[in-house]
Amino acid sequence: MKKTGSGPGRPARLSRERIVDAALQGDVETLTMRELASRLGVSHSSLYRWVPDRDGVLDLVSAAMVERVLPAGEPGADDWREWLTRLAWAMHNEFSAVPGYAAHVARPHRHHAESFGRLRDKVMAAFRAAGADAEQAEQSWYVFGLGVAQWLGAAGGGHQGLGSAAPRFDLFLDVLLRGLPTRMPVEHDSP
């Protein structure tokens, strides 16, 4: 990928940061490479020298979003729930601020392996700090990640058919975190 200007002493017109900033200026669900190139003031072909396709742009956006939402420090036995609360609220604030991003995250899609893996590992570490074994931590990650992503996606969609009052994220998060980390269900005899 080209990362320097085309002449000596000439700065690059594009950078990963500029691409992400431009992508976040509109609805990421409907973003096209042509629209992004136009926002950046570059040719369509110049943009393709930096990112291979729209999925490449969304990978850059995802990496930037993970950096923005991950709380500083490591979750510990005494603060794992507060750490996850800070993470969930950061996701709420950042994802909701970008049109279409919460819906994108809530929908099945290919995840950027590095940034998604970093997020997953940190959340699983929080559940391990809470006393969960490896399997419980992984299952708790699924519940937490899917729960927050789906809530944000639904909230971004206007709550159609859910009633007149907007669902409250603080209540959702409280209920979610009270049930985590997951425990293995008790086996019951089938009727």
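Computed values, structure above
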{"quantity": "Residue identified as at pLDDT 90 or above, of a type in the set (Gly, Ala, Ser), open to solvent by 30 Å² or more (accessible area, probe 1.4 Å) and farther than 30 Å from Leu36 by Cα among Ala97, Ala125, Ala166", "calculated": "Ala125"}
{"quantity": "First in region 131-143 and open to solvent by 60 Å² or more (accessible area, probe 1.4 Å), second anywhere and β-branched (Val, Ile, Thr), Cβ under 7 Å, 6 or more apart", "calculated": "Gln139/Thr182; Val143/Thr182"}
{"quantity": "Qualifying positions in region 49-78 - small (Gly, Ala, Ser), surrounded by 13 or more Cβ atoms within 10 Å (Cβ to Cβ) and within 13 Å of Leu119 (Cα to Cα)", "calculated": "Ser62, Ala63, Ala64"}
{"quantity": "Counted residues, region 128-163 - those being farther than 21 Å from Met91 by Cα, polar (S, T, N, Q) and at pLDDT 85 or above", "calculated": "1"}
{"quantity": "Which listed residue, of Arg13, Arg81, is touching a helix residue (DSSP H, G or I) at 6+ places or on another chain (Cβ under 8 Å), part of a helix (DSSP H, G or I) and either surrounded by fewer than 19 Cβ atoms within 10 Å (Cβ to Cβ) or β-branched (Val, Ile, Thr) (or both)", "calculated": "Arg81"}
{"quantity": "Filter pass, Asp27 being modelled with pLDDT of 95 or more and among the charged types (D, E, K, R)", "calculated": "no"}
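Residue by residue, here is whether (1) at negative phi; (2) in contact with a Pro (Cβ under 9 Å, 6 or more places away or on another chain); (3) in a helix (DSSP H, G or I); (4) not β-branched (Val, Ile, Thr) holds:
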{"site": "Gly26", "(1), (2), (3), (4)": "yes, yes, no, yes"}
{"site": "Ser38", "(1), (2), (3), (4)": "yes, no, yes, yes"}
{"site": "Leu47", "(1), (2), (3), (4)": "yes, no, yes, yes"}
{"site": "Trp50", "(1), (2), (3), (4)": "yes, no, no, yes"}
{"site": "Val61", "(1), (2), (3), (4)": "yes, no, yes, no"}
{"site": "Arg68", "(1), (2), (3), (4)": "yes, no, yes, yes"}
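The values are calculated or read from the model by the stated rules, or taken from the named source; none is laboratory data. These numbers were taken from a predicted model, which means no experiment stands behind them. Heads up, the Cβs are rebuilt from the backbone with ideal geometry, glycines too, and the neighbour counts pull from every protein chain shown. Quick note on the areas: whole protein, heavy atoms, side chains included, nothing else; ligands and nucleic acids left out. Shrake-Rupley method; radii C 1.70, N 1.55, O 1.52, S 1.80 Å.
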